[in-house]
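Participant: First the structure, then my questions, so here it is.
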Amino acid sequence: MTISENTSMRPSNNPTDIRDDWDEHWSHLDSAASANPAQRMRHDIIRRLLQEEPPTAIRRICDFGSGQGDLAIVLTSALPAAEFAGLEMSRYGVEVSRRKVPTGAFHIANLFENHPDEFGLRNWATHGTCSEVLEHVDDPKAFLERCRDYLAPNARLIITVPGGPMSAFDRHIGHRTHFSQQSISALLDAAGYRVERTCLAGFPFFNLYRLTVILRGRRLAQDVSQQNSGLATRMARMTMAVFRLLFRANFLDTPFGWQVVAIARKQR
């Protein structure tokens, strides 16, 4: 996760407040995130979209907000010929990512402070990914404008952002806003991208999953804060296992999905 330079996004001094402290976030949530069926669904969608192109296509993938490397595992396994770079604000996330995917190039980076030349990545990527990042950023337009510096001309950018209602847990982990097809399209257009398509994924079972998160609200946030290892409770693990099975029946695009996906191109 890479966030803005706005002072309101500096890490909290409260050790249980993980809103914008991304080392704290990933040290708490690494294992739970890896087991999260919603994350797996998003990563599978990104993989499928990248595999729409011929197997011989050149792919240099830059993941903006690469977290603790789970998307990198999926993409480097599915696309072994691809080169992969990840930009992440959390030192913990980068260290874990490097262990998970030794072939990837992961960098501790704040897009508002660092520049692509520091990493040898100016206009490097033929493909960009940005999964569940923009909702955490005070100025997502400026963030996307800075992503352009890492992307080659006409590079393809795949984004996932949350739609639907925002829960107390979403606020606890730093969500500023949720998106619609219209709002993500307008944002990408304003930041200098040409939107190819958007879709609303996840209906019906992702919506049901999200409703359970909304209903648990503050209690879920408290449970996460109290888990020093970040592991889900036994009941939560059982619930996620059930949802992983149900998610196989989710639709990629309907008018009702709460997972917003956008595919765009960098305009010259």
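The values are calculated or read from the model by the stated rules, or taken from the named source; none is laboratory data. On a predicted model such as this, the values are computed, not experimentally measured, just so you know. Backbone-built Cβ (ideal geometry, glycine too); neighbour counts: all protein chains shown.
Participant: How many of the residues in the range 59-105 are aromatic (Phe, Trp, Tyr) and surrounded by fewer than 24 Cβ atoms within 10 Å (Cβ to Cβ)?
Facilitator: So the count comes out to 1.
Participant: Here's another thing I want to ask about it. Identify, by number, the condition in (1) in contact (Cβ under 8 Å) with a residue 24 or more places away in the chain; (2) more than 19 Å from the chain's Cα centre (by Cα) that residue 117 doesn't meet.
Facilitator: Of the numbered conditions (1) in contact (Cβ under 8 Å) with a residue 24 or more places away in the chain; (2) more than 19 Å from the chain's Cα centre (by Cα), the odd one out for residue 117 is (1).
Participant: Related question: Given the structure, is residue 188 under 17 Å from the mean Cα position of the chain (by Cα) and over 15 Å from residue 266 (Cα atoms)? Working first, answer last.
Facilitator: Working: under 17 Å from the mean Cα position of the chain (by Cα): yes; over 15 Å from residue 266 (Cα atoms): no.
Taking the combined requirement at face value, the residue does not satisfy it.
Participant: Shifting gears a bit: Quick one: count up the residues across the range 168-204 that are in contact with a helix residue (DSSP H, G or I) (Cβ under 8 Å, 6 or more places away or on another chain), assigned to a loop (DSSP other than H, G, I, E, B), of a type in the set (Gly, Ala, Ser) and modelled with pLDDT of 95 or more.
Facilitator: Residues that pass the stated criteria total 3.
Participant: For the range 231-268, name all the residues that are in contact (Cβ under 8 Å) with a residue 12 or more places away in the chain, under 21 Å from residue 167 (Cβ atoms) and among the polar types (S, T, N, Q).
Facilitator: Once the filter is applied, which keeps residues that are in contact (Cβ under 8 Å) with a residue 12 or more places away in the chain, under 21 Å from residue 167 (Cβ atoms) and among the polar types (S, T, N, Q), the range 231-268 yields 239, 250, 259.
Participant: Can you tell me which of (1) buried (at least 24 other Cβ atoms within 10 Å of the Cβ); (2) of a type outside the set (D, E, K, R); (3) at pLDDT 95 or above is the one residue 120 doesn't meet?
Facilitator: (1) is the only condition that residue 120 fails.
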